[in-house]
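Visitor: My questions will all concern the structure given below.
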Amino acid sequence: MDFDIQRILSILPHRHPFVMIDRVTDLEPRKSATAIKCVTYNEPFFSGHFPGHPVFPGVMILEAMAQLSGVLAYASEPFDASKKVLYFLGIDKAKFRKPVIPGDRMEITVTVLQHRANIWKTEATAMVGDVVVATAELLAAITDRED
């Protein structure tokens, strides 16, 4: 399965400038997904993180991992995105190993560790080339949207 940005936007509630994945390149429902994020200098946080030495914020890497987990959950058990939303609940074992900078093409992979009812636990890895830049375990839940 390959999801372009339009398909991603139909699943996730996020919009510019907070969409952190550009394309889902591989997806096996209930098992794993891979996406890319092309890091560009014109992203709004680079003017302050850090002036003269731009570094993609670690929290944004975690957000990209969480968004990909949401796409995987949706592809595994489709839900009406106008009535349900996937909320990020927690993170464990987050490690940042190398800075991500403008011009990098970050590849994010998430693998399902556990799925029960509406709760998803995933293991995530972010890489630039063949170098691991971050890892984490994420917890999320699909819940009803509040009006």
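Visitor: Taking interchain pairs and intrachain pairs at least six residues apart, which have beta carbon atoms under 7 angstrom, with the first residue in the stretch 33-52 and of a type in the set (Lys, Arg) and the second surrounded by 16 or more Cβ atoms within 10 Å (Cβ to Cβ)?
Guide: Sorted first by the residue in the stretch 33-52, then by its partner, the pairs are Lys37/Met20; Lys37/Ile21; Lys37/Asp22; Lys37/Ala64; Lys37/Met106; Lys37/Ile108.
Visitor: Does the stretch 42-62 include one or more residues that are under 27 Å from Ile119 (Cβ atoms) and of a type in the set (Asp, Glu)?
Guide: No, that holds for no residue.
Visitor: Just to be sure before I move on: is Val39 more than 25 Å from Asp130 (Cα to Cα) and β-branched (Val, Ile, Thr) in the structure I sent? Even if it seems obvious, please write down each step before you answer.
Guide: Working: more than 25 Å from Asp130 (Cα to Cα): no; β-branched (Val, Ile, Thr): yes.
Judged against the criteria, Val39 is not a match.
Visitor: Considering (1) surrounded by fewer than 19 Cβ atoms within 10 Å (Cβ to Cβ); (2) in contact with a strand residue (DSSP E or B) (Cβ under 6 Å, 6 or more places away or on another chain); (3) of a type outside the set (Ser, Thr, Tyr), say which one Ile61 fails and leave the rest.
Guide: Every listed condition holds for Ile61 apart from (1).
Visitor: Can you pull out the strands (runs of 3 or more DSSP E) entirely within the stretch 76-147 that have at least 1 residues that are β-branched (Val, Ile, Thr), closer than 30 Å to Phe46 by Cβ and out of contact with any strand residue (DSSP E or B) (no Cβ under 9 Å at 6 or more places or on another chain)?
Guide: On the way: elements: 84-96, 105-116, 119-128, 131-144.
Qualifying strands (runs of 3 or more DSSP E): 131-144.
Visitor: Restricting to the stretch 5-45, count the residues that are aliphatic (A, V, I, L, M) and not in a loop (DSSP other than H, G, I, E, B).
Guide: Looking only at that region, the number is 9.
Rule-based calculations on the coordinates, nothing more; no lab input. All of these numbers come straight from a predicted model, not from anything done at the bench. Glycine also receives a Cβ, built like all others from the backbone with ideal geometry; neighbour counts cover every protein chain displayed.
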